[in-house]
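Report on one structure; see the data block that follows.
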């Protein structure tokens, strides 16, 4: 079982600033996905909406994810960076470790 610790829990920033969100796992998570590995994904969730997949395999943006979002990291330390935050980026962000393809793709 993988335990994921995400920081910070709350972050308030100004428009056009950059922000980083960090996730640390208690066991190694592979970037060599898909396959029989534990992988890392990042989601955005807005009120009354399902979580939206932003990044899978730690670094791979979904086709509809703006380029200001980027994922980095490996093994036990992962980061989501938003470079130049926009008003529409307001929401909750989650990292998720998973096997095979991540859930909540719709």
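Bear in mind that the values in this text are calculations on the coordinates, not laboratory data. In this text, all values refer to a predicted model and were calculated from it rather than measured experimentally. Here the Cβ is made from the backbone with ideal geometry for all residues, glycine too, and neighbour counts use every protein chain on show.
Descriptive notes on the structure:
- With 0.36 nm allotted per residue and the present C-alpha distance subtracted, the residue 90-residue 17 stretch has 25.0 nm of extension available.
- Distance from segment 1-23 to segment 37-98 (C-alpha centre basis), Å: 10
- Approximate spin-label separation residue 3-residue 28, in nm, with each point projected 7 Å along Cα-to-Cβ: 2.0
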